[in-house]
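*Asks:* The structure follows.
The values are calculated or read from the model by the stated rules, or taken from the named source; none is laboratory data. Worth saying up front: this structure is predicted, and the values here are computed from it rather than measured. Cβ placement follows ideal geometry from the backbone for every residue including glycine, while neighbour counts extend to all protein chains displayed.
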Number of protein chains: 4
Amino acid sequence: MTKRNIVVSEATGAYIEDQPVEIVERKGIGHPDSLCDGIAEAISQAYTHWCETNLGGPLHHNFDKVQLVAGESSPRFGGGDVIKPIRIQIAGRGTPEYNGTKVPMDTIAIQAAKDYVRRTMKYLDPDKHMVIDCFAGRGSSELISQVVQVTANDTSFGVSHWPRSGLEEAVYQTCNYITSTLRDKFPVGEDVKVMGCRIGNDITLTVALPFIASRIADAADYEEAKRAAQEAIQIFAEKITPDRNVKVMVNTADQAKRGDYYLTVTGTSAEMGDDGEVGRGNRASGLITPMRSTSLEAPCGKNPVSHVGKVYNALALDTCRAIINRVPEVKEVTMQILSQIGHPIDQPLVCNAQVRTKSGVLSEETRAAVTAVIDEHLANIADVRAKIRAGEITLF
Amino acid sequence: MTKRNIVVSEATGAYIEDQPVEIVERKGIGHPDSLCDGIAEAISQAYTHWCETNLGGPLHHNFDKVQLVAGESSPRFGGGDVIKPIRIQIAGRGTPEYNGTKVPMDTIAIQAAKDYVRRTMKYLDPDKHMVIDCFAGRGSSELISQVVQVTANDTSFGVSHWPRSGLEEAVYQTCNYITSTLRDKFPVGEDVKVMGCRIGNDITLTVALPFIASRIADAADYEEAKRAAQEAIQIFAEKITPDRNVKVMVNTADQAKRGDYYLTVTGTSAEMGDDGEVGRGNRASGLITPMRSTSLEAPCGKNPVSHVGKVYNALALDTCRAIINRVPEVKEVTMQILSQIGHPIDQPLVCNAQVRTKSGVLSEETRAAVTAVIDEHLANIADVRAKIRAGEITLF
Amino acid sequence: MTKRNIVVSEATGAYIEDQPVEIVERKGIGHPDSLCDGIAEAISQAYTHWCETNLGGPLHHNFDKVQLVAGESSPRFGGGDVIKPIRIQIAGRGTPEYNGTKVPMDTIAIQAAKDYVRRTMKYLDPDKHMVIDCFAGRGSSELISQVVQVTANDTSFGVSHWPRSGLEEAVYQTCNYITSTLRDKFPVGEDVKVMGCRIGNDITLTVALPFIASRIADAADYEEAKRAAQEAIQIFAEKITPDRNVKVMVNTADQAKRGDYYLTVTGTSAEMGDDGEVGRGNRASGLITPMRSTSLEAPCGKNPVSHVGKVYNALALDTCRAIINRVPEVKEVTMQILSQIGHPIDQPLVCNAQVRTKSGVLSEETRAAVTAVIDEHLANIADVRAKIRAGEITLF
Amino acid sequence: MTKRNIVVSEATGAYIEDQPVEIVERKGIGHPDSLCDGIAEAISQAYTHWCETNLGGPLHHNFDKVQLVAGESSPRFGGGDVIKPIRIQIAGRGTPEYNGTKVPMDTIAIQAAKDYVRRTMKYLDPDKHMVIDCFAGRGSSELISQVVQVTANDTSFGVSHWPRSGLEEAVYQTCNYITSTLRDKFPVGEDVKVMGCRIGNDITLTVALPFIASRIADAADYEEAKRAAQEAIQIFAEKITPDRNVKVMVNTADQAKRGDYYLTVTGTSAEMGDDGEVGRGNRASGLITPMRSTSLEAPCGKNPVSHVGKVYNALALDTCRAIINRVPEVKEVTMQILSQIGHPIDQPLVCNAQVRTKSGVLSEETRAAVTAVIDEHLANIADVRAKIRAGEITLF
């Protein structure tokens, strides 16, 4: 019998909504760290796709090291230039050759990075504003799809919880609202940062919102655009958190007297002074939640078949969601999965779930139901892999 | 009166030692991620030292983006070469010029990186095995020592807890023991990884330990050295955790039949196949603790005066230690500090301490005593800055 | 009176057409060295244009160091990929800032390089097949247009001769014919090399001609295309050199039995295995003429106002042409101009012309006429500068 | 019978010593271009040595593309820093693997470059003042020592003449005197440039001579050192050219009033503002001689076995010297050798020698004697290869 080592226990701390203070952050898709995450994952997907198409299966790889070196720009009301391009330095490991077929690894990586920037960023042009170079080297050349039973070759954690707290939901949704809907209506870019803080019943959302210099005529224009954007965000945030008092503040670091505004040429601070790296921004949950049990794993760019850390983080989230959907008695679940080197990855060293029930008591029946969902998800771990490869699971 | 916003509450979850499962990891000083952390912090210290000596005070900087691109090597029993050097790409922001004086920023950064490697690594030679390049650019040129009241210009967290759990202590001490004492006696390098797992009363320490190829004659020699090292580590670990059952396992991924051993030319997997970045390894506590409240902040390389994330993480740890020392009733404390943009950094948005007392009850007296320690540490935040600059606080 | 130091003497060696052996080469515009030359000069022109438009005059610069690191490709009949992009490393000196205005030097340089490749190369895509990076640094910031009297700050030569010999004309015209007219009709790229050798009355033109893999179905198709191209080139070359026996040979290094053909994905060997640098290919005359007096100066990328080497090479060619046009008695002229540090550049240390007359004797009248043309050209040296800036003088 | 295609004809132009004007230049070993030449050749030698030691013979390679990107420095009387290191970018082609043995190509290249700088430059420290990186890629992996009959795979020239003219000798010897003997006595570096100009019987040697900032106390000290150095050079130059009037001028671009001196931290202008490339400085003769028949070939870094251009240039010089030594009637000889693609390299397309005899007439006997020397040198072409590999032939 397969040994899953599932441990389900009762959550013992205060419920997140009952804690006096809560702190949550999300870096938008245009933040330098998020750009690195997105590029790394886009490379992993493109590389896997190429290998499947041309070699019949994915190859081992880990493109989880991407460094963004900030450029230099001269934004001013009505215009400005990128003086020095943003430099993207792709590192990591892949396979340059398999069974005599050369894999255009560098070309795939660079084009995937450019394509990602093109479909994500409205004003940042990868050919004009960026120099993208690839330093990725040779790794293992195992064709990983042919391995029936993938074995953990590292000790890694996967961690998740579900559902999001009210503050987490507010931060997550508000940030994505800005970089999608709001961006269509206002001259703003994607390097948004939403910092949420709840003290008791009062939520403050502090938003950093980059305006596009060429589309703002002057200081008055800027102030008006900022005011209107703040209003729109306030309305949106109130809808997301009807039960709490919420206050939205935009670009609080502006100092009009000194001429300091959050003005950019391309919509991201990567154009001047803000470097980035993979795994330094949002967790796999899309949030930074210092008061939660969190994995430090940087899943983006890692191979979606055998990398335990990546698969377990995605699996933990997927399983937590399933528990909430299928075991109505569970109010909140937090899960840690730890790999066991040398064992199949569906047989972790331990899979630990802390369950908070609606009744406040963890019955044997509920414990069994939760265990069953976990066991099923471990058995069907291939489903999670497939979702990652299809880009159906967001990882940052 | 200064508004510190200190909130002291009772810890409500299960005590860490009573939880059924615990997972802790430490990456040794020679791990690619740790090398990046160490180099970044060494650059910040050397840069600050140069500025203090030549300009009368530190300059704004953030050298917290360092990327390590793995080299290529050919280790074999008795020898081997570094085929392709390890590439260190320093990024981040500094000040190339101040009041007409040119700051040799790139030279300082590269030399600091080399010096750090030289004093940390026994077999890795920065001039022979590495190419170290600096892409750091221009940032703000404010002379930050002259700013009397440093203001938070970002929303950042600092998080810490104290004391370490038994497992945490075991992982931390064992890892450091290997890279100091053990390294003098055995042909091993510094890219050690100690993964600790406690299930109930049973602790397993899984150790990855790189052997030095030139000093191991053959497979038999390797197996004997590994056995002896494992024995020494086992003895050490048992001393650290007398109250638990502890089992040490070394290089479990070895496959003698396939000739797979953890053999290196330089003592780090950075020589072949393992890339690294700042902030991807240990937290400021020196550990990776997925089951604890954790900051994602990467403190290494950031400026020790005004960078809120760096200062708050160090401050949180320092304060937690002081609480344990000075308030005997407190058994364990966890603290989060959140900055408030535009306010002095000794006035955080909230400073949140969860206290677990020996009696199980948080009395008003204890609450007041804890609050007093926190208030004092916030008031004397300059002390923490000085300790960081002197390298007295380890950050990874 | 302005001291021009003009020395006109009689040419004493054998006339080039009477020498028994003659060797001449031209590297086509797609050769890695020529690409570097073209990119360097395009950057100089774009940079000068930007400065004139935005600052009122050109700034000092020398972008005459461009390195091309070959990529890796996998051409095969019917297709193939660029595996690893071609890397262009722009170096040289420019001015990042002038009177408080930031000059987007890196962006100008990279875009100029891309634009140049786009308008020169039919199959090579700078965004898909190349990584173009700029390492150019700070040089002098003098606004050189405001300098009325430009002074030589270096000892440099300019050398030229006119007219071209019959072989030189054949090599020059044939090479350009291939990369323009022939390229429209045949699936060939621009990395053409024409090596001409004349022994007595017999000329051999050895042509290296890159075929485009995706447009050649198989070996038979290749052989047919090569045959037809060779025929077209033969016909063209015969027209150019009606007085000599000429034989064209194409891709003589092909070895059909071993499957060795000159097949490329992009039309240049830069895609695999052939690196390049500025100044390593054609001279300012567009030719490599080892049996002629030749300047080693690499004019491409240098500033067209004050760089003596660049200006003198263009001036020498311009003056030689004018002498031939205006002094009918002169059959051939070779000229060297040497700058004198610290003196205005219209006052060289020596301007040396060796004249071969139709009559075989250099009369005082002819000497005076030649001297007058030279004197006039030195006086109007600004005309040559303007022609260079307008791209009217080809330099490689 | 082997077909050597040797053509010996009478030199027809004016003898170099009788020409009215002569211009010659030499860039010293510390000039940025010379540094690139020296590094490239050192890499070729080290790589060949490694392959011979470990693989039994040399491998194909061409490391003839090295780019030096100038650093930034702040020299001042009594001291100064290197602000930004000099960047050396090694390109070219080599073989990363042969018969399963990995060749540490990058490591060899970087160490050879450092070793070369260390043994050539007195003040420039490759570990402190330079970043040396290798971008060299994969080329052909043929083991070239096993090829009995090396075949030309390219059309290349070799050109040389002997003896040097009086001016050439003066420039060559003076430059080397400065970077050896004079450097031991004066605080000067190796980035010397000697420009020689002869008009009639008057020779001017214009010398650029970098002084070492840390060893010059002030302007007066500089002026005194410069005066003394100029005097020493004058004395030396007069000894070399007893038959001509010679005048030495040092650092004529200095402008004491503006504080402009040729002051450096490291002895080379590569530390600030002067970039370099292989093949942009001295020819294989060690000189730049625009009035001579000259090869543009950059021999440094090319493989010494099969690269026609390199071997032919060295062979031409070696043969010219031998002709002068062994055929007393010959006063001066100039030689061009042109390869024939697909033919053994001892069978050139043409080997062309222009001979100037003491009697003024080229007798059949002399012609035969010259032909015999040439034929012998072509037959023993392996000797030249061995001399190159041993570093016995200087190439720049």
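*Asks:* Select from the range B:237-273 the residues that are under 30 Å from residue B:18 (Cα atoms), touching an Asp or Glu at 6+ places or on another chain (Cβ under 7 Å) and within 14 Å of chain A (Cβ to nearest Cβ) and list them in ascending order.
*Replies:* None - no residue of the range B:237-273 is under 30 Å from residue B:18 (Cα atoms), touching an Asp or Glu at 6+ places or on another chain (Cβ under 7 Å) and within 14 Å of chain A (Cβ to nearest Cβ), so the list stays empty.
*Asks:* Scan the range D:150-164 for residues that are surrounded by fewer than 23 Cβ atoms within 10 Å (Cβ to Cβ) and under 20 Å from the mean Cα position of the chain (by Cα) and jot them down.
*Replies:* Scanning the range D:150-164 gives D:162, D:163, D:164.
*Asks:* Where residues in the range A:323-357 are of a type in the set (Val, Ile, Thr) and in a helix (DSSP H, G or I), which of them is surrounded by the most Cβ atoms within 10 Å (Cβ to Cβ)?
*Replies:* For the range A:323-357, the residue satisfying everything is A:323.
*Asks:* Looking at (1) closer than 20 Å to residue B:166 by Cα; (2) at pLDDT below 95; (3) among the hydroxyl-bearing types (Ser, Thr, Tyr), which is the one condition that is false for residue B:357?
*Replies:* All conditions pass for residue B:357, except number (2).
*Asks:* If you go through the range C:284-297, how many residues are under 9 Å from the mean Cα position of the chain (by Cα) and crowded, with 24+ Cβ neighbours inside 10 Å?
*Replies:* 3
*Asks:* If we keep just the residues of the range D:133-151 that are out of contact with any Ser or Thr (no Cβ under 8 Å at 6 or more places or on another chain) and more than 14 Å from chain C (Cβ to nearest Cβ), which is modelled with the lowest pLDDT?
*Replies:* Residue satisfying both the conditions and the ranking: D:148.
*Asks:* Can you pull out every residue in the range C:31-71 that is among the aliphatic types (A, V, I, L, M) and over 25 Å from residue C:267 (Cα atoms)?
*Replies:* C:46, C:55, C:59
*Asks:* Residue D:279 fails exactly one of the following numbered conditions: (1) crowded, with 21+ Cβ neighbours inside 10 Å; (2) more than 8 Å from chain C (Cβ to nearest Cβ); (3) outside any strand (DSSP E or B). What is the number of that condition?
*Replies:* Going through (1) crowded, with 21+ Cβ neighbours inside 10 Å; (2) more than 8 Å from chain C (Cβ to nearest Cβ); (3) outside any strand (DSSP E or B) one by one, residue D:279 breaks only (2).
*Asks:* If you check residue B:11 against the conditions, is it over 12 Å from the mean Cα position of the chain (by Cα), of a type in the set (A, V, I, L, M), crowded, with 18+ Cβ neighbours inside 10 Å and within 11 Å of chain A (Cβ to nearest Cβ)?
*Replies:* yes
*Asks:* Please go through the range D:46-101 and give me each residue that is without any contact (Cβ under 8 Å) to a residue 40 or more places away in the chain and either surrounded by 24 or more Cβ atoms within 10 Å (Cβ to Cβ) or within 18 Å of residue C:72 (Cβ to Cβ) (or both), ordered by number.
*Replies:* D:84
*Asks:* Take residue A:353 and tell me if it is of a type in the set (A, V, I, L, M, F, W, C) and without any contact (Cβ under 8 Å) to a residue 60 or more places away in the chain.
*Replies:* Considered against the rule, which asks whether it is of a type in the set (A, V, I, L, M, F, W, C) and without any contact (Cβ under 8 Å) to a residue 60 or more places away in the chain, residue A:353 comes out as no.
*Asks:* If you don't mind, there's one more thing I want to ask. Failed condition for residue D:110, given (1) more than 14 Å from chain C (Cβ to nearest Cβ); (2) touching a Ser or Thr at 6+ places or on another chain (Cβ under 9 Å); (3) buried (at least 24 other Cβ atoms within 10 Å of the Cβ), with all others met?
*Replies:* (2)
A quick yes/no check of all residues on (1) buried (at least 18 other Cβ atoms within 10 Å of the Cβ); (2) more than 14 Å from every other protein chain (Cβ to nearest Cβ); (3) touching a helix residue (DSSP H, G or I) at 6+ places or on another chain (Cβ under 8 Å):
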residue: C:175; (1), (2), (3): yes, no, no
residue: C:187; (1), (2), (3): yes, yes, yes
residue: C:191; (1), (2), (3): yes, no, yes
residue: C:196; (1), (2), (3): yes, no, yes
residue: C:205; (1), (2), (3): yes, no, yes
residue: C:212; (1), (2), (3): yes, yes, no
residue: C:222; (1), (2), (3): yes, yes, no
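*Asks:* I would also like to ask the following. Any chance you could count how many residues in the range C:285-302 are touching a Leu at 6+ places or on another chain (Cβ under 8 Å) and either at pLDDT below 90 or within 7 Å of chain D (Cβ to nearest Cβ) (or both)?
*Replies:* Here the count works out to 4.
*Asks:* Exactly one of (1) of a type in the set (Asp, Glu); (2) assigned to a helix (DSSP H, G or I); (3) in contact (Cβ under 8 Å) with a residue 40 or more places away in the chain is unmet by residue D:224. Its number?
*Replies:* So the condition that residue D:224 fails would be (3).
*Asks:* Can you find a residue in the range B:37-47 that is under 18 Å from residue B:314 (Cβ atoms) and of a type in the set (Val, Ile, Thr)?
*Replies:* The answer is yes; a qualifying residue exists.
*Asks:* Another question, if that's okay. Could you figure out which of (1) loosely packed, with under 13 Cβ neighbours inside 10 Å; (2) away from chain B (no Cβ under 14 Å) isn't true of residue A:234?
*Replies:* Unmet for residue A:234, out of (1) loosely packed, with under 13 Cβ neighbours inside 10 Å; (2) away from chain B (no Cβ under 14 Å): (1).
*Asks:* Among the residues of the range B:237-251, what is the count of those that are loosely packed, with under 14 Cβ neighbours inside 10 Å and in a helix (DSSP H, G or I)?
*Replies:* Qualifying residue count, the range B:237-251: 1.
*Asks:* Residues being within 11 Å of chain D (Cβ to nearest Cβ) and part of a helix (DSSP H, G or I): count how many of those fall in the range C:41-88.
*Replies:* Counting residues in the range C:41-88 that are within 11 Å of chain D (Cβ to nearest Cβ) and part of a helix (DSSP H, G or I) gives 0.
*Asks:* Just checking, which of C:87, C:26, C:4 is farther than 30 Å from residue D:340 by Cα, modelled with pLDDT of 95 or more and not small (Gly, Ala, Ser)?
*Replies:* C:87
*Asks:* Across the range C:25-40, what is the total count of residues that are at the interface with chain D (Cβ under 10 Å from one of its Cβ atoms) and either closer than 20 Å to residue C:161 by Cβ or β-branched (Val, Ile, Thr) (or both)?
*Replies:* 1
*Asks:* Same structure again: Please work out which residue is farthest from the chain's Cα centre (by Cα), limiting yourself to the range C:358-396 and to residues that are part of a loop (DSSP other than H, G, I, E, B) and closer than 30 Å to residue C:34 by Cα.
*Replies:* Ranking the qualifying residues of the range C:358-396, first place goes to C:380.
*Asks:* Anything in the range A:358-372 that is touching a helix residue (DSSP H, G or I) at 6+ places or on another chain (Cβ under 8 Å) and buried (at least 20 other Cβ atoms within 10 Å of the Cβ)? List them, or say none.
*Replies:* Matches in the range A:358-372: A:370 only.
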